[in-house]
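The values are calculated or read from the model by the stated rules, or taken from the named source; none is laboratory data. Bear in mind that the values here come from a model prediction, so they are computed numbers and not experimental data. Ideal geometry is used to build each Cβ from the backbone, glycine not excepted, and the neighbour counts take in all protein chains shown. Please note that ligands, DNA and RNA were not included when accessible areas were found on the heavy atoms of the full protein model with its side chains. Shrake-Rupley method; radii C 1.70, N 1.55, O 1.52, S 1.80 Å.
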Amino acid sequence: MEIKKDAYGAYVKEVTPLNNVWADMGKAFLVGGLICLVGQILTNWLMNGMGMEKETASAWTSIVLIGTSILLTGLNWYPKLVKFGGAGALVPITGFANSVVAPAIEYKTEGQVFGIGCKIFTIAGPVILYGVLASWVLGVVYWVGQAIGML
C-alpha cells in the first residue's frame with residue numbers, strides 16, 4: 001500500500017505545474033491594468049472627443065468592452081489572454097462576458113435551445129443568481145430599516 005502512495009505522490013508532483021506566484025501576479029496586474037487603461041482611454045475619448053456625459057460614456061465603454069470580449073472569445077483569443085493573465089483577464093467585466101459566451105460557443109452544436117440556451121449561464125448563472133438574491137435581501141433590509149426609522 002505504501003508503494004502505491006509513493007507512486008501516486010510522484011505522479012502528482014510530475015503532472016502538477018509549478019507556478020511562480022510573483023510572475024503570475026505581475027501578469028495579472030499587467031493584463032487587468034491594460035484592460036482598465038483601454039476602458040479609461042475610451043471613456044475619456046467619449047467624454048472629451050464625442051461630448052458625452054460621464055454616465056453615457058461609461059455605459060458605452062462597458063458595452064464596447066463586453067462586445068470586444070465576446071468577439072475575442074468567439075475568435076478563441078480571449079482564452080489565450082486568460083491563460084497568460086489569469087485573474088487580470090477574468091475579474092473585469094470582460095471576464096464575466098467571456099464566462100457567459102464560452103459555454104454557449106462550446107455547446108452550439110447541440111442546438112439553439114439545448115445547446116446555447118441551456119449552457120449559456122453554466123458558469124455565470126450562479127454569480128447572477130446570488131448577486132440578484134443578495135441585492136434583493138439587502139433591499140428588503142434597507143426598506144425595513146427605513147420603515148422602522150433606523151435609516
For this session: Taking only the stretch 97-112 into account, find how many residues are surrounded by 15 or more Cβ atoms within 10 Å (Cβ to Cβ), touching a Lys or Arg at 6+ places or on another chain (Cβ under 9 Å) and closer than 25 Å to Val64 by Cβ.
Result: 2
For this session: For Gly115, state whether it is over 30 Å from Asn20 (Cβ atoms), surrounded by fewer than 17 Cβ atoms within 10 Å (Cβ to Cβ) and at pLDDT below 95.
Result: no
Seminar exercise, completed: The residue from Leu65, Leu129, Leu138, Leu75 that alone is under 21 Å from Gly39 (Cβ atoms), out of contact with any strand residue (DSSP E or B) (no Cβ under 7 Å at 6 or more places or on another chain) and open to solvent by 60 Å² or more (accessible area, probe 1.4 Å) is Leu75
Problem set entry | Selection count where residues are in a helix (DSSP H, G or I) and aromatic (Phe, Trp, Tyr), scope the stretch 97-128 | 1
Exercise. If we keep just the residues of the stretch 36-52 that are within 20 Å of the chain's Cα centre (by Cα) and of a type in the set (A, V, I, L, M), which is surrounded by the fewest Cβ atoms within 10 Å (Cβ to Cβ)?
Worked result: Leu37
Seminar exercise, completed: Glu55 fails exactly one of (1) farther than 25 Å from Val101 by Cα; (2) at pLDDT below 95; (3) open to solvent by 80 Å² or more (accessible area, probe 1.4 Å), namely (2)
Exercise. Based on what the data block shows, is Ile148 under 25 Å from Ala97 (Cα atoms) and either more than 24 Å from the chain's Cα centre (by Cα) or touching a residue at least 12 places away in the same chain (Cβ under 8 Å) (or both)?
Worked result: no
